[in-house]
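What follows is a single structure, written as structure tokens, with notes after it.
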Amino acid sequence: MSQREGLSRHLNSHFTSVDVERLSRFGEHRRGKVRDLFVGEDEIIMVTSDRLSAFDVVLTSIPCKGAILNAIAVGAFEATADVCPNHMIDAPHPNVLRVKKAEPLPIEVIVRRYITGSLWRDYEAGKHVVYEVDMASDLCRDQRFDEVIITPSTKAEYGIHDEPISKRAIVEQGLVEPAILEQACTYALALFARGEKIAADQGLILVDTKYEFGMIDGELVVIDEIHTADSSRYWVADEYEARFAAGESQRMLDKENIRQWLIAQGYKGEGQPPEIPADVRLDLAETYANLHARLLGRPFDVPSEDALESLYATLGV
């Protein structure tokens with residue numbers, strides 16, 4: 001059986017929600033766009049579902065997406081633990097991370113090496129000035145910055161759009177103390193540099209990524225997920241120059257594929273989203289599995305069992 005055939009068997013498994021009552025012994029339930037969190041006194045059980053969000057809207061499910069993202073996040077936390085402390089304890093199930101409870105900062109630190117995606121759209125519209133980061137007036141889509149830049153955003157609650165913000169405004173609005181913000185940005189740049197190296201070794205470009213941080217016993221740590229196909233953009237390195245010179249879109253191994261598909265259907269997060277066909281969902285699942293294979297050096301093993309039922313069995317509920 002091919003990988004696509006295996007993934008297709010999970011098209012209708014609908015791992016989009018969990019039985020909150022069965023998992024309630026782990027703590028208070030909080031639902032994010034992709035994850036269901038069960039927050040205990042000192043630890044959090046993070047269940048990564050197959051839900052797909054784009055433009056801050058949950059749209060559909062992607063077969064095995066949760067397990068793929070979770071595996072990449074675990075690998076990235078392990079590969080960067082010497083660069084920045086993180087909240088991971090262990091991964092008792094392919095869709096689960098057990099983490100230390102942190103007090104999250106109300107911002108996301110987004111590091112960018114190239115101008116593309118939402119930043120390019122903001123640049124074209126003249127909205128990029130909100131970041132208060134110097135950018136040349138003659139940039140082209142997908143152009144590489146001479147130096148990486150940081151474009152923060154607020155961290156919105158589920159169902160509310162994140163908003164771009166400058167580092168100055170973060171401090172002035174009292175969202176984060178100056179010293180902690182500087183430490184978060186320093187960590188973010190170091191994490192990005194490590195992520196770039198790992199990607200480059202596999203023939204990929206880490207284009208940009210977001211980091212979330214929190215405080216644990218007075219220590220700043222990176223939380224949530226890092227360097228996954230949902231939180232980052234990846235391009236195929238040996239095709240970059242030719243595609244950029246020709247003005248063509250890059251070969252992407254991340255969620256930007258579905259964003260571009262949605263934009264082509266006339267959807268940018270407002271109004272009724274279009275129905276996403278099974279073939280498009282499978283294409284994205286294969287893209288995620290391909291990134292898993294490139295970053296982790298092993299193919300994604302499509303599970304034969306239902307992920308939700310195996311999760312309950314593993315957690316003893």
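The values are calculated or read from the model by the stated rules, or taken from the named source; none is laboratory data. Fair warning: this is a prediction, and the values are worked out from it, not measured in the lab. Methodologically, a virtual Cβ is constructed for each residue, glycine included, from the backbone with ideal geometry; neighbour enumeration extends over all protein chains shown. Surface accessibility is based on the protein's heavy atoms, side chains included, excluding ligands, DNA and RNA. Shrake-Rupley method; radii C 1.70, N 1.55, O 1.52, S 1.80 Å.
Worth pointing out:
- Taken over region 200-254, the residue count meeting the criterion of being closer than 24 Å to Glu177 by Cβ, of a type in the set (Asp, Glu) and either assigned to a loop (DSSP other than H, G, I, E, B) or modelled with pLDDT under 95 (or both) is 2.
- Screening Arg121, Arg144, Arg112 for residues that are touching a residue at least 24 places away in the same chain (Cβ under 8 Å), out of contact with any Asp or Glu (no Cβ under 6 Å at 6 or more places or on another chain) and among the basic types (Lys, Arg) leaves exactly one candidate, Arg144.
- Hits in region 168-188 (condition: touching a strand residue (DSSP E or B) at 6+ places or on another chain (Cβ under 7 Å) and closer than 20 Å to Asp208 by Cβ): Ile170, Ala184, Cys185, Tyr187, Ala188
- Residues that are assigned to a strand (DSSP E or B), open to solvent by 10 Å² or more (accessible area, probe 1.4 Å) and modelled with pLDDT under 95, drawn from region 36-60: Val57, Val58, Leu59, Thr60
- Every condition in (1) open to solvent by 40 Å² or more (accessible area, probe 1.4 Å); (2) over 24 Å from Val99 (Cβ atoms); (3) of a type outside the set (Lys, Arg) holds for Glu309 except the one numbered (2).
- Qualifying residue in region 244-263 (condition: open to solvent by 60 Å² or more (accessible area, probe 1.4 Å), free of Cβ contacts under 8 Å to residues at least 12 places away in the same chain and farther than 23 Å from Ala54 by Cα): yes
- Matching residues, region 264-297, being surrounded by 11 or more Cβ atoms within 10 Å (Cβ to Cβ) and under 16 Å from Leu204 (Cα atoms): Thr287, Tyr288, Ala289, Asn290, Leu291, His292, Ala293, Arg294, Leu295, Leu296
- Among residues of region 214-242 that are under 27 Å from Cys140 (Cα atoms), those with a beta-carbon under 6 Å from a residue that is among the acidic types (Asp, Glu) and not in a loop (DSSP other than H, G, I, E, B) at least six positions away or on a different chain give the pairs Arg233/Asp208; Arg233/Glu256.
- Checked against the criteria, Leu11 does not count as open to solvent by less than 40 Å² (accessible area, probe 1.4 Å), assigned to a helix (DSSP H, G or I) and in contact (Cβ under 8 Å) with a residue 60 or more places away in the chain.
- Inter-residue pairs, beta-carbon under 6 Å, first open to solvent by less than 40 Å² (accessible area, probe 1.4 Å) and in region 79-98, second basic (Lys, Arg), 6+ apart: Thr80/Arg194; Val83/Arg194; His87/Lys100
- Residue within region 74-87 that is β-branched (Val, Ile, Thr) and in a strand (DSSP E or B) present: no
- Residue within region 21-34 that is part of a strand (DSSP E or B), in contact with a helix residue (DSSP H, G or I) (Cβ under 9 Å, 6 or more places away or on another chain), farther than 30 Å from Arg168 by Cβ and not acidic (Asp, Glu) present: yes
Residue-by-condition table, conditions (1) in contact with an Asp or Glu (Cβ under 7 Å, 6 or more places away or on another chain); (2) not in a loop (DSSP other than H, G, I, E, B):
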| residue | (1), (2) |
| --- | --- |
| Asp134 | no, no |
| Asp162 | yes, no |
| Ile170 | no, yes |
| Ile180 | no, yes |
| Ala188 | no, yes |
| Lys197 | no, yes |
